[in-house]
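The values are calculated or read from the model by the stated rules, or taken from the named source; none is laboratory data. Being a predicted model, the structure only gives us computed values, none of them experimental. Note that we place each Cβ from the backbone using ideal geometry, even for glycine, and neighbour counts take in every protein chain shown. Ligands, DNA and RNA are excluded from the accessible area calculation, which covers all protein heavy atoms including side chains. Shrake-Rupley method; radii C 1.70, N 1.55, O 1.52, S 1.80 Å.
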Amino acid sequence: MAETTVQDVVVKEPTLPFGKKEKKLLTDPLTDNNPITIQVLGICSALAVTTQVFPSLVISVAVVFVCAFSSLFTSLLRNNIPKQVRMIVQLVIIATLVTVVELVLKAFSFEVYKQLSVFIGLIITNCIVMGRLEAFALANKPWRSFLDGIGNGLGYGLILIAVAFFRELFGKGTLFTGSPAELNIIGKSNEATSFMINTAAESGIGSWFSWYSNNNLMVLPAAAMFLIGIFIWIQRSRNPKLVDIS
Amino acid sequence: MEFFNIFMKSAFYENMVLAYFLGMCSFLAVSKTVKTAFGLGLAVIFVLAVTMPVNWLINEYLLGENGIFGTDLTFLRFILFIGVIASMVQLVEMVIEKVSPSLYNSLGIFLPLITVNCAILGGSLFMVSREYNLSETVAFGLGGGFGWFLAIIALAAIREKIRYSNVPPALRGLGMAFILTGLMGMAFLSLMGIDPSIYVAK
């Protein structure tokens, strides 16, 4: 008898915890089903933080966390939520998770918390979270919803950090301001980078950047829109299937 | 004066959409024709103007240390704010369905989505972080709603025209909407000169 049960387990093996489909759930939102450039979700809350890389990184991590766990919890509860009040139930789940994020940031990284201020709370109304709950978590099993949440959070973070990278580099001449790995490439230098710049100047490399003065357009909110517009342009001209006809 | 000042500020050069990217999802999705944009804009003005004073009262008298519970309950802020907004949107939805069924049909899914329109929650959170009083809150709600309305109508009008232009295929639709929003944001920045407080400070 014991042998048959073992065989049953073996037969069920195609549903591995991490098979091809699950991998697709994670990687698809990074490219062909990106929440920002394709699904047009979640442009709202966080683009104002993309003037610098480090805050965008923090927001991305927070969104991955909220997205993954709200998907998980909604999916666990999905058979018990009445249809009429599902939005409110989802909002309560999301709001609770965001409150957790806010309190954690307040306790462990107050500087970042002050800098992001309102935008932490706005993760609640980030359409990615809500959109994925409606489109995926309400109809799928917990583990897959969890992966879908992580994937979409990562796809969002990818665009966010890409935008922030260009804006901070060209707008302020720095990278990762506020984090331990702070880099000043142009402009005022701190100890670590002035050493780099001095050695570079001695070997003649430093003069490469001296002609460049900061581009204030990149600090304006408008620059983020242009950058995303250009990302969409590049992505769609590489993959004409994604072009919308309207 | 302060009332007028905040109204102008939130409506024009600190426009919710063009300076803070709040309410982008519905802004980009519903701005295909002027007519639907108009309806959604009105709904946003109404919801903002009503929820912000209500949220101010809740924040002041329920959650604050001087409120009726006498303890600091600010960790409940997100949940209460979003609850007020959700119920207010439900109300607007019922009114629009009764008054104008055609508008109700054309707004479709985006009416309930005002709940997750970041401009609404963002307005309430800005109100808290900037420590506005009640009259300033009313001005901010009205001005912010008006600014959102103005921006979505302008974008919808431009998108109606640009349909006849020769845009590169990969940029058509969404890509162009992003670039247009960026250009509009720059144009709105030039309204900075109407800030009366600049002259007072000098």
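Between B:PHE27, B:PHE140, B:PHE188, where does the largest GNM mean-square fluctuation fall for chain B, given springs only between Cα atoms within less than 10 Å?
Among B:PHE27, B:PHE140, B:PHE188, the largest GNM mean-square fluctuation belongs to B:PHE188.
What accessible area, in Å² to the nearest ten, does a 1.4 Å probe give for B:GLU97?
My reading of the accessible area for B:GLU97 is about 90 Å².
Assuming R0 = 30 Å, what is the FRET efficiency of A:SER117 and B:ASN66, from their Cβ-Cβ distance, to the nearest 0.05?
With a Förster radius of 30 Å, E is 0.85.
Measure up A:LYS21/A:LYS141; B:LYS98/B:LYS161; A:LYS23/A:LYS141 against 24 Å on the Cα-Cα distance and list the ones that go over.
Going by Cα-Cα distance, B:LYS98/B:LYS161 fall outside the 24 Å limit.
Could you sort the peptides A:218-226, A:62-70 by per-residue average Cβ neighbour count (10 Å cutoff), highest mean leading?
Ranked from most to least packed, the peptides come out as A:62-70, A:218-226.
What would the Debye equation give as log₁₀ I(q)/I(0) for region A:40-167 at q = 0.10, 0.12 Å⁻¹, counting only Cα atoms as equal point scatterers?
Computed log10 I(q)/I(0) values: -0.29, -0.42.
What are the ³J(HN,Hα) values, in whole Hz, obtained from phi via the Karplus relation 6.51 cos²θ - 1.76 cosθ + 1.60 with θ = phi - 60°, for each residue of region A:121-128 in sequence order, with x given for Gly and Pro?
Whole-Hz 3J(HN,Hα) from phi for region A:121-128: x, 6, 4, 4, 8, 5, 4, 4.
Using a 10 Å cut-off around each Cβ of peptide A:88-95, what is the average number of partner chain Cβ atoms that fall inside?
For peptide A:88-95, the averaged partner shielding equals 4.
Taking chain B as a Gaussian network, where each spring joins two C-alpha atoms under 10 Å apart, which residue of B:LEU103, B:LEU76, B:LEU57 fluctuates the most?
Result for chain B, Cα springs under 10 Å: B:LEU76 fluctuates most.
Using r as the Cβ-Cβ distance of A:LEU77 and A:ASP28, and R0 as 30 Å, what FRET efficiency do you calculate, to the nearest 0.05?
Working from the Cβ atoms, E equals 0.75.
On average, how much accessible surface per residue is there in region A:40-167, in Å², for a 1.4 Å probe, leaving out ligands, DNA and RNA?
37 Å²
Using a Gaussian network model of chain B with C-alpha springs under 10 Å, which one of B:GLY23, B:GLY122, B:GLY175 is most mobile by mean-square fluctuation?
B:GLY175
If the cut-off is 22 Å between C-alpha atoms, which lysines fall inside it for A:LYS106, apart from same-chain ones fewer than 8 positions away?
A:LYS114
For peptide A:35-43, what's the mean number of Cβ atoms from other chains within 10 Å of each residue's Cβ?
That works out to 3 on average.
Can you list the HN-Hα couplings for region B:77-87, worked out from phi with the Karplus curve (6.51, -1.76, 1.60; θ = phi - 60°), rounded to whole Hz and with x for Gly and Pro?
Ordered by residue, 3J(HN,Hα) equals 4, 4, 5, 5, 4, 5, x, 4, 5, 4, 5 Hz.
Provide the three semi-axes, in whole Å and in decreasing order, of the ellipsoid equivalent to chain B as defined by the square roots of 5 times the Cα gyration tensor eigenvalues.
The answer is 31, 23, 14 Å, longest axis first.
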